[in-house]
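Note sheet for the following structure.
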Amino acid sequence: MHLYWIVALVIGGISVASAGMFFGSGSKRQPLAELGFVDVPSRLDPYATREGEGYALFSFDQTPNSIFLMGSNRPVSEVLAIAAWHRDSRAAALKSLTTRVADRTDNIKWTTQGEYRVGEGVHEVNTSKHDARIVVREFPDRQLTIGHMTWVKRSFSTQDQIKLIEATAASFEQRVPVADYLSLASDRPRLLTERYRAALRKLLAMRTVPYKVDGPIVERDGTLYDCYIHSHWGEMITAVHPLGTLPAARSFRTLNPTTPPNVPNWPELVTFQWDGEEWEVDGTPALSSRMIALLNERHHDRTRAYFYAVASDAPQPFEPKEFRIDFLWRAIPGLNDHFKRGDLVQPLQ
């Protein structure tokens, strides 16, 4: 660790030893990815980190547990955000951090107090409104920006917020230079996607299913697999399992029988019916045009509706934990049984 990143025991007149008083009920050491660590008030929980575009934004917030604040949006009464940035991305980092701490706060009136920008506004969430204060400071020599928002009624003064930001800065323990960390962060999506793809390949190999983009559609144990480039999701693989047919009807409803213990939910069902001119697809999963064409070649009776269970997986820039195709495999025995019994789908009269 470079000595110039080690904070002397006093920053802005606030000693590390006394910093704890500004963390209320205490603080918790929180990681900032590979960049380092920082002390955060224990009442705040980590929120999703944003990386890329020349900066990274870490934020921590508190969700009040009052039932009177609940609604379609998560209520947040306090936010602490920390941005690390390339020098040519300083303005973008400041804008992103300010947007985060000022989220849902309207009619903000900004003033300047020394190195701090202070904003007063009204924070609105669901059906409640709260006077709120936002305090932001940049630390150019360290390529950091720190901001804090709180509802004013929580008895935080402007000086309390300033002291909290100073104490947060004082607690920052840097492990690598900002440029090195941002280089790692910018490459993270590619590495995570490769890891996801490797795990997906390993899963498919268990059933000798090849993972070759734009390779031929293959069939294994009655299930069809198509690896291709989707117009929206990009590279993906889709598994299509035929369930059977029923007499054609104006429409069908999907029932919801209880899933087996190892199946979190049933895969999506797709129906093909002849509409007088062509086979019409009812359902919204990702089926390629070539898969639809192949299935249509197998639809020989226009008086019947053909049903399929469908699952897709697309390599994504996050750690793989579960795969939809694996869910489909687990669900196939139950799907087949329920379809034969007639309690999976029924025609609407």
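The values are calculated or read from the model by the stated rules, or taken from the named source; none is laboratory data. From a predicted model like this one, the values you see are computed outputs, not experimental measurements. All Cβ positions, glycine included, derive from the backbone under ideal geometry; neighbour counts span all protein chains shown. What goes into the accessible areas is simple: the full protein's heavy atoms, side chains included, and nothing from ligands, DNA or RNA. Shrake-Rupley method; radii C 1.70, N 1.55, O 1.52, S 1.80 Å.
For this structure, a couple of remarks:
- Filter result (part of a strand (DSSP E or B) and either aliphatic (A, V, I, L, M) or open to solvent by 40 Å² or more (accessible area, probe 1.4 Å) (or both)) within region 123-135: Glu124, Val125, Lys129, Asp131, Ala132, Ile134, Val135
- Screening Ala249, Ala239, Ala199 for residues that are small (Gly, Ala, Ser) and either in contact with a Ser or Thr (Cβ under 7 Å, 6 or more places away or on another chain) or at positive phi (or both) leaves exactly one candidate, Ala239.
- Residue match in region 84-98 (condition: more than 17 Å from Glu51 (Cα to Cα) and either in contact with a strand residue (DSSP E or B) (Cβ under 6 Å, 6 or more places away or on another chain) or modelled with pLDDT of 95 or more (or both)): no
- Checking each residue in region 269-323 for being open to solvent by 50 Å² or more (accessible area, probe 1.4 Å), assigned to a strand (DSSP E or B) and touching a helix residue (DSSP H, G or I) at 6+ places or on another chain (Cβ under 9 Å) picks out only Val281.
- Candidate set: region 243-261, residues that are in contact with a Phe, Trp or Tyr (Cβ under 9 Å, 6 or more places away or on another chain) and assigned to a loop (DSSP other than H, G, I, E, B); chosen: the one nearest to Ile325 (Cα to Cα): Thr259
- Strands (runs of 3 or more DSSP E) completely within region 32-122 that count 2 or more residues being loosely packed, with under 15 Cβ neighbours inside 10 Å and either out of contact with any His (no Cβ under 6 Å at 6 or more places or on another chain) or not β-branched (Val, Ile, Thr) (or both): 105-113
- Test: Arg330 is part of a loop (DSSP other than H, G, I, E, B) and surrounded by fewer than 19 Cβ atoms within 10 Å (Cβ to Cβ): no
- Residue that is farthest from the chain's Cα centre (by Cα) [pool: residues in region 19-41 that are at pLDDT below 95 and of a type in the set (S, T, N, Q)]: Ser25
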